[in-house]
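Below is one structure, written out as structure tokens; the observations come after it.
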Amino acid sequence: MRMKHYMVCALTAACMLTACRSRDEVPFSTDPVENIEALWQIIDTKYCYIEDKGINWAAIHDEYVVRAQQVKKDDPVALFDLCAGMLDSLRDGHVNLYSDFDISVNTAWYDTFPANYDARLRALYLHDYRIAGGLNYCTIDEGRVGYVYYGSFSDGFSSANMKWVFAAMSDCMGLIIDVRNNGGGAITNAYRLAAPFFADDQTIGYWQHKTGPAHDAFSVLEPMTLDASAVAQKWDKPVVVLCNRRSYSATNLFVSMMRYAERSTIIGGMSGGGGGMPMSYELPCGWMVRFSSVRMFDREKNSIEEGIRPDIEMRMESEDKDDLIERAIDVIRGQ
């Protein structure tokens, strides 16, 4: 798929940019104003969500240049905090600043949302489980329901793994896939996990990348196709996906795709979003900034950056059971 090829090229280009620079050829600069100006310019011309988020990036420039003038050149920690503060205004979990002594992380996109997840309660269901690649699986509700917990799309799995998971659940009425607190990982794994729930190939969304420095300079929308017809293992019974606000990035894409599976239901809280795909650039001081440069949309061409609303929105309230898993069991039973 062209989207995957593009991102390989983009990330390779970013790596080449860093690799080509040496201290002998281009001296690193610790000047605070120079670095703030460079960071602002990179985001202004290459970040893909400035207009979508209604950010007054010009005003942020003026504010942070003045603040940079107050930072000493020999105070890298103060400069780092200043740069991180500027990036926080983007409200994007895909935006990070990397230095030798710290990494900036934005958590505002999930901090004010209910957790809808408790590992202690999840363990009441995920017991005597087996592990197939990155998939933890067992049966619950006296063998009537299959349960899979997938904690990270960075953890791979194979078609053979899926074969064993489905075989163990062949007598079940339905399947629960729990991706709560899954912060993302490889998009290829999101496609691989979704494919068994579709009968044939389908367009499940679109993507576009920046083509110039203007905030609205983008390529035409390119379809994202789920290649499902060649997948040997299929699941044609009900499937329930559990998500919460910390279901982010590749997990967010998986949740978006699963809305189009014929017998699927999404339960929980709104997913975390993260519809942008990241690339990296270097600042004059040598730090790397990572940010969203490709934006993704669902099949109706709606942005998925802010998250996916579930079919059944609910939160956990009980102290002795997982309300979301219990609701999923009821859905599979037809109640």
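Only the coordinates and a few stated rules stand behind these numbers; no lab work does. Everything numeric in this text was worked out from a predicted model, so none of it was measured. Quick reminder, even Gly has a Cβ in these numbers, built from the backbone with ideal geometry, and neighbours come from all protein chains shown.
Which order, highest average first, do 231-237, 256-262, 268-274 follow once you tally other Cβ atoms within 10 Å for each residue and take the mean per peptide?
Numbers: 231-237: 14.4, 256-262: 20.3, 268-274: 26.1.
Order by mean packing, descending: 268-274, 256-262, 231-237.
Under the rule of at least 5 residues apart or a separate chain, name every residue whose amide H is placed under 5 Å from the amide H of Leu175.
Gly146, Val239, Val240
What aspartates and glutamates sit close enough to Lys72 to cross-link, taking a C-alpha to C-alpha distance under 20 Å and skipping anything fewer than 8 places away on the same chain?
Output for Lys72: Asp31, Glu34, Glu37, Asp62, Glu63, Asp81, Asp100, Asp102.
Output wanted: per-residue J couplings in Hz (rounded whole) for region 112-123, from phi through Karplus 6.51 cos²θ - 1.76 cosθ + 1.60, θ = phi - 60°, x for Gly and Pro.
Karplus values, whole Hz, x for Gly and Pro: 9, 9, x, 5, 6, 7, 9, 4, 5, 6, 4, 5.
When a/c is below 1.5 the answer is rounded, else prolate if a/b is larger than b/c, else oblate, so apply that to region 99-242 with a ≥ b ≥ c taken from the square roots of the Cα gyration tensor eigenvalues.
Oblate, because a/c is 1.5 or more while a/b does not exceed b/c.
Using R₀ = 30 Å, calculate the FRET efficiency as 1/(1 + (r/R₀)^6) where r is the Cβ-Cβ separation of Glu300 and Ala217; round to 0.05.
Taking R0 as 30 Å, the efficiency between Glu300 and Ala217 is 0.80.
Could you name the lysines whose alpha carbon sits less than 21 Å from that of Lys46, not counting residues in the same chain fewer than 8 places away?
In chain and number order, the partners are Lys4, Lys210.
Place a point 7 Å from the Cα of Ala232 along the Cα-to-Cβ direction; which residues of region 107-140 have their backbone N under 17 Å from it?
Only 133 pass the distance filter.
Can you tell me the relative contact order of the chain? Whole percent, Cα pairs under 8 Å, sequence separation 6 or more.
Worked out over the chain, it gives 20 percent.
Binning at 5 angstrom from zero up to the longest distance, how are the C-alpha pair distances of region 186-335 distributed in percent?
Reading upward from the zero bin: 2, 9, 15, 19, 17, 14, 10, 6, 4, 2, 1, 0.
Assign unit charges at the C-beta atoms only (+1 for Lys and Arg, -1 for Asp and Glu), then state the dipole size of the chain relative to its Cα centre in Debye, rounded to the nearest 20.
Taking the Cα centre of the chain as origin, the dipole is about 840 debye.
Relative to the first principal axis of the alpha-carbon coordinates of the chain, what is the inclination of helix 159-168, with its axis defined by its Cα atoms, in degrees from 0 to 90 and to the nearest 10?
Rounded to the nearest ten degrees, it is 40.
Farthest toward the dipole's positive end in region 69-124, which of Tyr110, Ala84, His94, given Cβ charges of +1 (Lys, Arg) and -1 (Asp, Glu) about the Cα centre?
Sorting the options by dipole projection puts first Tyr110.
Mind jotting down the distance between the C-alpha centroids of region 215-269 and region 76-120, whole Å?
26
Dimensions of the chain along principal axes (Cα, Å, largest first)?
Result, largest extent first: 66, 43, 35 Å.
Please get the size of the charge dipole for region 139-250, origin at its Cα centre, with Cβ charges of +1 on Lys and Arg and -1 on Asp and Glu, quoted in debye to the nearest 20.
Taking the Cα centre of region 139-250 as origin, the dipole is about 260 debye.
List the lysines whose Cα lies under 20 Å from the Cα of Lys73, skipping any in the same chain that are fewer than 8 positions away.
Here the lysines satisfying the reach criterion relative to Lys73 do not exist.
Per residue of the chain, what 222 nm ellipticity follows from adding -39500 (n - 2.57) for every DSSP H run with n ≥ 4, rounded to the nearest 500?
-9500 deg cm²/dmol
With a ≥ b ≥ c taken as the square roots of the eigenvalues of the C-alpha gyration tensor of region 285-335, please select rounded if a/c is under 1.5 and otherwise prolate if a/b is larger than b/c or oblate if it is not?
Oblate is the answer for region 285-335, as a/c is 1.5 or above yet b/c matches or exceeds a/b.
Among Gln233, Ile50, Tyr125, which residue has its Cα furthest toward the positive end of the charge dipole of the chain, with +1 on Lys/Arg Cβ and -1 on Asp/Glu Cβ?
The residue sitting farthest along the positive end of the dipole is Gln233.
Pick out, from Ala214, Ala160, Phe291, the residue whose Cα sits farthest towards the positive end of the charge dipole of the chain, with +1 on the Cβ of Lys and Arg and -1 on the Cβ of Asp and Glu.
Comparing the listed Cα positions along the dipole, Ala160 ranks first.
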